[in-house]
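J.: Just passing along the structure, written as structure tokens.
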Amino acid sequence: MDYRNLPNGKSMHGRIVQELGMQIVSGHFAPGQRLPPEPSLCETYGVSRPVLREATRVLVAKGLVVSKPRVGSVVRPREEWHMLDPDVLSWTMRSIPEGEFFQSLMTVRQIIEPAAAALAAIHASDDDVTRIADAYARMEKARDARELLEPDLDFHRAIMTATHSDMLAYIGKMLSLALSESIKLTSRHPDTHALSLPRHKAILTAIAHHDALAARQASIVQLDNARADANSILAGTALEPE
């Protein structure tokens, strides 16, 4: 179940997971702190203990709490949370300033993506290159930032797949939500299309030529420029043209 955006009429179980999850991630309940006792939460939400315990099991599975006999549910240290879980990631994005989340994400991207691009250049098959090139071609055809989003995501996911590392492919998929928000931010730059295409083309060209060094460097350049674009947007200096 997706606990990020619950439609109207969603079960109380889902509402409890979402509300407690947000309160934990936002710091309302700090690491080491116990959640309110079961009777109190049951009364707050008007649910039975089995319903509450099912919601608690979801939070346990996401690494947010640990259930202890005769103690209750205790918030785990932040470093033990499953940060790539889509719900935890979404709640995190909603609980901290946009710029803080972006800078944290960019640090992760700058560690992972250049190495992944280099590995893709070494291991990419013809089919892998075709998938990356197809995503780039759809980026070229995009008429606006909204249409650019999905092919841009596909471009980066295809590179992760082209590494032929199951772990990197998994990380790429799990980071899709965060990457989507990152792309949406940089897409607010008035020249996003013109700026984005040559940077991505350089990565594609290097991978297609199986040039690992060039692929790594092209990825570094793309990310450095994306960070600069985002910083100008967050600082309010990247204004829409009149």
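Every number in this text was worked out from the coordinates using simple rules, so none of it is lab data. Because the structure is a prediction, the values reported are computed rather than measured. Heads up, the Cβs are rebuilt from the backbone with ideal geometry, glycines too, and the neighbour counts pull from every protein chain shown.
J.: So if each residue of separation counts as 0.36 nm, and I subtract the Cα-Cα distance between Val108 and Glu150, what length gain in nm does that give? It would help to have the intermediate numbers written out before the result.
T.: Details: separation 42, 0.36 × 42 = 15.12 nm, distance 2.06 nm.
Using 0.36 nm per residue and subtracting the Cα-Cα distance, I get 13.1 nm.
J.: Take the Cβ-Cβ distance between Ala235 and Arg143 as r, set R0 to 35 Å, and report the resulting FRET efficiency rounded to the nearest 0.05.
T.: 0.80
J.: Before rounding to the nearest 500, sum -39500 (n - 2.57) across all DSSP H runs of length at least 4 in the chain and divide by the residue total; then give [θ] at 222 nm in deg cm²/dmol.
T.: Roughly -22500 deg cm²/dmol at 222 nm, from the helical runs in the chain.
J.: Counting only pairs 8 or more places apart or on different chains, how many lysine pairs in the chain have C-alpha atoms closer than 25 Å?
T.: Total qualifying Lys-Lys pairs in the chain comes to 8.
J.: While we're here: On full extension of the chain, what length is gained from Arg94 through His210, given 0.36 nm per residue of separation minus the C-alpha to C-alpha distance?
T.: That pair, Arg94 and His210, stretches by 37.8 nm at full extension.
J.: Also, quick follow-up: Return the sequence-ordered ³J(HN,Hα) values of the range 29-43 in whole Hz as given by the Karplus equation 6.51 cos²θ - 1.76 cosθ + 1.60 applied to θ = phi - 60°, using x for Gly and Pro.
T.: 10, 7, x, x, 8, 7, 5, x, x, 3, x, 5, 5, 4, 5
J.: Identify the trypsin sites (Lys or Arg not before Pro) of the range 132-233 meeting these criteria: DSSP loop state and at most 10 other C-beta atoms within 10 Å of the C-beta.
T.: Those satisfying the criteria are Arg143.
J.: Grab the alpha carbons of the range 96-234, take their convex hull, and tell me the volume per residue in Å³.
T.: Taking only Cα atoms, the range 96-234 has a hull volume of 87 Å³ per residue.
J.: To continue, here is another question. In nm, to one decimal, how far is the Ser11 label point from the Ser67 one, both placed 7 Å along Cα→Cβ?
T.: 1.4
J.: Moving on to the next point. Taking the simple approach of a point 7 Å from Cα along Cα-to-Cβ for both Asp224 and Arg188, what is their distance in nm?
T.: 2.5
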